[in-house]
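Here the structure is laid out as structure tokens; the discussion comes afterwards.
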Amino acid sequence: MQIESIIYSNKLWQIVIEYAQECSWRAGTTLAKQMKECHFSDWERVFVALDGDHIAGYCALAKTDCIPDIPYTPYIGFVFVGEQYRGNRLSEKLILSASAYAKGTGF
């Protein structure tokens, strides 16, 4: 299992949009919309877990979340793991990757 940090110029960006749009979790469509509209800038990233060529899950590191008027940043959100990959602590690996990246940028 490999976890990659991606931005809009990454070759996986559109693939993750399509995966999020079609995943079983309703919030996936919100992430897909934000990705399509380039809501991610500066240090913000989407993290994707890959099992070979297959997407196993994703999460996002963003400046804001859906909670209004909160001064805290950054947020790790949109954590999703595909049904066939659940039970293997993959969400933990995604969160740790996003956390390590955030720490590396000064948070």
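Projected onto their three principal axes, the Cα atoms of the chain cover extents of 36, 26, 25 Å, largest first.
Return a whole-number percent for the relative contact order of the chain, with Cα pairs under 8 Å and 6 or more residues apart as the contact set. Relative contact order, the chain: 24 percent. Helix 90-104 axis versus longest C-alpha principal axis of the chain: approximately 30°, rounded to the nearest ten.
The slack between Y85 and M1, meaning 0.36 nm per residue of separation minus the straight C-alpha distance, is 29.2 nm. Compute the long axis of helix 13-22 from its Cα atoms, compare it with the longest principal axis of the Cα atoms of the chain, and write down the angle in degrees, 0 to 90, nearest 10. Between helix and principal axis, roughly 70 degrees.
No value in this document is a laboratory result; all are computed from the given coordinates. Model, not experiment: these values are computed from the prediction.
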